[in-house]
Amino acid sequence: VDLGPIVGVMFILYRVVWVSWLTSRAWSVSRRRDSAFALLLLGYVGIGLLNGQMTGHGTVGGFMWLYLGLAMTACRMPAARR
């Protein structure tokens, strides 16, 4: 609200790019592992990260950041075994 037109638009674009990146990673990991865990976490986090408040109400924001970290961890591909 108080960022101004230039920084505000940059912040909105940052959030859109972040959610797009997380969506593409979750989709590719889910296809490779045959597990929808990353997509389930993205379903909870994606809307809050894209459209919701990032700070504010303690419970909602805390769970969003917690599940965002879990979603980003779930999107990590395991190292190839030799």
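Filtering segment 1-18 to residues that are aliphatic (A, V, I, L, M) and in a helix (DSSP H, G or I) leaves Ile6, Val7, Val9, Met10, Ile12, Leu13, Val16, Val17.
Residue count for segment 19-44, restricted to those that are outside any helix (DSSP H, G or I) and either at pLDDT 90 or above or open to solvent by less than 60 Å² (accessible area, probe 1.4 Å) (or both): 2. Among the residues of segment 28-61, those that are more than 10 Å from the chain's Cα centre (by Cα) and within 20 Å of Tyr14 (Cα to Cα) comprise Asn51, Gly52, Gln53, Met54, Thr55, Gly56, Gly61.
The values are calculated or read from the model by the stated rules, or taken from the named source; none is laboratory data. Worth saying up front: this structure is predicted, and the values here are computed from it rather than measured. Calculation scope for accessible area: heavy atoms of the full protein, side chains included, ligands and nucleic acids excluded. Shrake-Rupley method; radii C 1.70, N 1.55, O 1.52, S 1.80 Å.
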